[in-house]
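Here is the structure we will look at.
The values are calculated or read from the model by the stated rules, or taken from the named source; none is laboratory data. Being a predicted model, the structure only gives us computed values, none of them experimental. Here the Cβ positions follow ideal geometry from the backbone for every residue, glycine too, while neighbour counts run over all protein chains shown.
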């Protein structure tokens with residue numbers, strides 16, 4: 001073989017470089033020189049690595065090792081949707097290969113091309129001008145609307161999920177996941193799990209839903225306000241696009257200090273659209289006059305996020321969380337659930353309204 005498989009990088013001691021090098025040469029492309037592997041900070045759910053193989057750079061996403069919650073860490077689903085979207089206008093990295101043989105690295109993984117650009121964590125975009133910020137939020141809006149408009153059947157994703165009862169199934173799924181990871185009683189979560197199932201609105205169409213669409217799950221062009229790749233498709237499925245869009249819009253409602261969001265920020269001087277403006281832009285792009293049941297979608301998404309965070313907390317206790325901030329993320333569960341319950345209470349009291357719309 002032409003590769004020198006001895007090389008590894010920081011945080012990559014858990015990857016067998018020799019086996020990975022052989023696998024890349026057999027299934028992706030031959031390369032010369034040492035394999036260079038660096039673990040990426042973040043990636044709470046699936047450990048992520050940058051792999052340098054000669055002149056090529058790949059991203060490796062793999063399941064965590066150890067006991068996992070049912071249906072979690074679905075790297076096979078990530079690979080499938082990336083591969084299907086490659087021939088659409090939705091910007092995604094090129095998926096190269098999926099390996100489900102645990103003999104290679106000890107867990108399932110896939111490789112995709114590494115896309116150059118900017119991954120931004122601070123949603124106030126402090127290094128951008130007001131005009132650039134507005135363009136970047138417009139681009140976030142445009143790309144999500146583009147995803148929701150994809151004819152999923154024509155690209156081979158007709159069986160990617162069930163088309164009906166999306167929210168009902170999501171409530172069932174995340175309630176099970178939460179119970180499986182529960183470490184203490186959190187009263188707002190108990191209330192949400194009792195309140196949500198009885199108030200599910202009718203589903204407004206079916207599309208591919210990303211499930212975790214937010215600023216730090218996209219890559220912007222190095223210098224332009226243009227998205228060149230959407231990342232982290234683990235939670236994607238078929239479902240209600242309005243629920244998916246509402247998840248993205250939680251950024252305007254969850255407070256700073258517990259989440260990297262826009263809540264409490266004076267957006268005007270920054271050039272960042274308000275929640276109502278962002279919703280109106282999505283409605284224009286998707287051919288809708290308004291979005292009903294907005295506050296229910298918010299309460300549901302906060303419940304769902306809290307359940308995901310509880311899974312992170314449990315993995316931290318079990319010692320197999322994907323990064324060292326997992327315990328801090330787990331501590332956010334109660335704050336997220338409490339925010340969701342506040343949304344539910346406002347809706348129950350008749351005060352809920354769609355941004356820019358009439359009461360629900």
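Quickly run through the stretch 324-358 and pick out the residues that are at pLDDT 80 or above and more than 24 Å from the chain's Cα centre (by Cα). Spell out the reasoning first.
Of the stretch 324-358, the ones at pLDDT 80 or above are 332-347.
The answer is 345, 346, 347.
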Scan the stretch 120-131 and tell me whether some residue there is over 30 Å from residue 317 (Cβ atoms), surrounded by 20 or more Cβ atoms within 10 Å (Cβ to Cβ) and touching a strand residue (DSSP E or B) at 6+ places or on another chain (Cβ under 9 Å). no
Hits in the stretch 89-107 - residues which are modelled with pLDDT under 95 and surrounded by fewer than 13 Cβ atoms within 10 Å (Cβ to Cβ): 101, 102, 103
Could you go through the stretch 293-316 and let me know if any residue there is more than 18 Å from the chain's Cα centre (by Cα) and surrounded by fewer than 18 Cβ atoms within 10 Å (Cβ to Cβ). no
Can you tell me which condition residue 141 does not meet? The list is (1) at pLDDT below 95; (2) closer than 30 Å to residue 196 by Cα; (3) in contact with a helix residue (DSSP H, G or I) (Cβ under 6 Å, 6 or more places away or on another chain); (4) crowded, with 19+ Cβ neighbours inside 10 Å, and all the others hold. (1)
Tell me, which residue of the stretch 219-247 that is closer than 14 Å to residue 146 by Cα and touching a residue at least 60 places away in the same chain (Cβ under 8 Å) is farthest from the chain's Cα centre (by Cα)? 226
Checked 97, 81, 115, 92 against criteria (part of a strand (DSSP E or B) and touching a residue at least 60 places away in the same chain (Cβ under 8 Å)); the one match is 97
For the stretch 278-288, the count of residues that are in a helix (DSSP H, G or I), under 15 Å from residue 246 (Cα atoms) and without any contact (Cβ under 8 Å) to a residue 40 or more places away in the chain equals 1
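Does residue 321 satisfy being modelled with pLDDT under 95 and in contact with a strand residue (DSSP E or B) (Cβ under 9 Å, 6 or more places away or on another chain)?
Numbers: modelled with pLDDT under 95: yes; in contact with a strand residue (DSSP E or B) (Cβ under 9 Å, 6 or more places away or on another chain): no.
Here the answer is no, as residue 321 does not meet what is asked.
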Has the stretch 62-77 got any residue that is under 30 Å from residue 142 (Cβ atoms), buried (at least 18 other Cβ atoms within 10 Å of the Cβ) and at pLDDT 95 or above? no
Can you report the number of residues in the stretch 289-300 which are touching a residue at least 60 places away in the same chain (Cβ under 8 Å) and either assigned to a loop (DSSP other than H, G, I, E, B) or farther than 16 Å from residue 244 by Cβ (or both)? 5
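Based on this model, can you work out whether residue 158 counts as within 30 Å of residue 20 (Cα to Cα), assigned to a loop (DSSP other than H, G, I, E, B) and out of contact with any helix residue (DSSP H, G or I) (no Cβ under 8 Å at 6 or more places or on another chain)?
Working: within 30 Å of residue 20 (Cα to Cα): no; assigned to a loop (DSSP other than H, G, I, E, B): yes; out of contact with any helix residue (DSSP H, G or I) (no Cβ under 8 Å at 6 or more places or on another chain): yes.
Taking the combined requirement at face value, the residue does not satisfy it.
Is it the case, given these coordinates, that residue 110 is surrounded by 14 or more Cβ atoms within 10 Å (Cβ to Cβ) and assigned to a loop (DSSP other than H, G, I, E, B)? So that I can check it myself, show each step before the final result.
Details: surrounded by 14 or more Cβ atoms within 10 Å (Cβ to Cβ): yes; assigned to a loop (DSSP other than H, G, I, E, B): no.
No, not satisfied.
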Number of positions in the stretch 161-179 that are under 21 Å from the mean Cα position of the chain (by Cα) and assigned to a helix (DSSP H, G or I): 13
Out of (1) under 30 Å from residue 178 (Cβ atoms); (2) without any contact (Cβ under 8 Å) to a residue 40 or more places away in the chain, the one residue 152 does not meet is (2)
